[in-house]
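The values are calculated or read from the model by the stated rules, or taken from the named source; none is laboratory data. These figures come from a predicted structure and were not determined experimentally. No Cβ is skipped: glycine too gets one built from the backbone with ideal geometry, and neighbour counts run over all protein chains shown.
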Amino acid sequence: MMTAEQGSGPGGKHVTNTKATLRAQALAKRDGLSDKKRASAAARLGKRGLPFQLQPGSIVSGYSPIRSEIDPIPLMQKLASEGARLALPCVTARGQSLIFRIWHPNDRLMLGPLGIPEPSPAAAEVIPDVMLTPLAAFDKLGHRIGYGAGHYDFTFAHLRKARHVVGIGLAFAAQEIAAVPALAHDVALDYVLTESDVFDFRSPELAHSLRG
C-alpha cells in the first residue's frame, strides 16, 4: 500500500526524496537545540494554551514525545485544567489510522509496537476533537513533514470523513521551512504552535502568524 508520503510515479518519487532531505535537515536543527531551549519552549506552549476556546469536555489527543520532539505535556496539563479530556494515540499498523485512548497524567503507559509509550488497551477508546501532532518540518501553508509512515495523514483523512478534527502541529520555530513539497493526499494542519508564533491556516488566504 502506498503511504501518505510516497508517490505513485516519477514525480511522486521525486517529492518523497525531497521530503527525505528536508526531513533530515529539519531534524538536525531540532536535535541541535539545547535542553534549556527545549524546556523553555514547552513551558511557553503550556503557558499560552490554544488560540481558541475549547468546549468543556472536549477530547484533546497529544503524544508521548520521543527523540527530540517538543514536549506537549505542559500544554496538555493546562488544557486538562480548563476542562479538556486527554487522550494519546496508539499505533495499529502501517498505513492504517491511529486509534486514541483516554489518558490521565498519572496513568502508567505501555510500550506500543513502535516502542512509543501508549495507554493500556483497557483505557477507553475515543475520537478526539483536537489532535496535537508532532512533526519534522512545516511551512506557512500548514503542510507538515512527518517521519514517513503516514500515520497522521491516514488518521486525519479517516476521522474527517465523519467530522472535522482540528489538527494542531507542535514544533520548535527552528523546524519551519520555506515550502513542503506536498502531494494531493497530504493533509494540511489547521494551526502550528511554536515557542514564538501561532500560525493559523484556516483561512483560504496565506496563513498569518501571531507573535507569541
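Summary of values
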item: Qualifying residue in segment 71-83 (condition: among the β-branched types (Val, Ile, Thr) and outside any loop (DSSP other than H, G, I, E, B)); result: yes
item: Single match in 141, 183, 159 (criterion: under 21 Å from residue 63 (Cα atoms) and not charged (D, E, K, R)); result: 159
item: Residues (of a type outside the set (Lys, Arg), touching a residue at least 40 places away in the same chain (Cβ under 8 Å) and part of a loop (DSSP other than H, G, I, E, B)) located in segment 85-102; result: 91, 95, 96, 97, 98
item: Selection from segment 147-179 of residues that are hydroxyl-bearing (Ser, Thr, Tyr) and in a loop (DSSP other than H, G, I, E, B); result: 147
item: Flag for residue 56 being of a type outside the set (D, E, K, R), farther than 29 Å from residue 93 by Cα and at pLDDT below 95; result: yes
item: Test for residue 153: is it farther than 19 Å from residue 99 by Cβ and acidic (Asp, Glu); result: no
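For every residue, the table says whether it meets (1) closer than 22 Å to residue 50 by Cα; (2) surrounded by 19 or more Cβ atoms within 10 Å (Cβ to Cβ); (3) at pLDDT below 95; (4) out of contact with any Ser or Thr (no Cβ under 7 Å at 6 or more places or on another chain).
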| site | (1), (2), (3), (4) |
| --- | --- |
| 130 | yes, yes, no, no |
| 133 | yes, yes, no, yes |
| 137 | yes, yes, no, yes |
| 164 | yes, no, yes, yes |
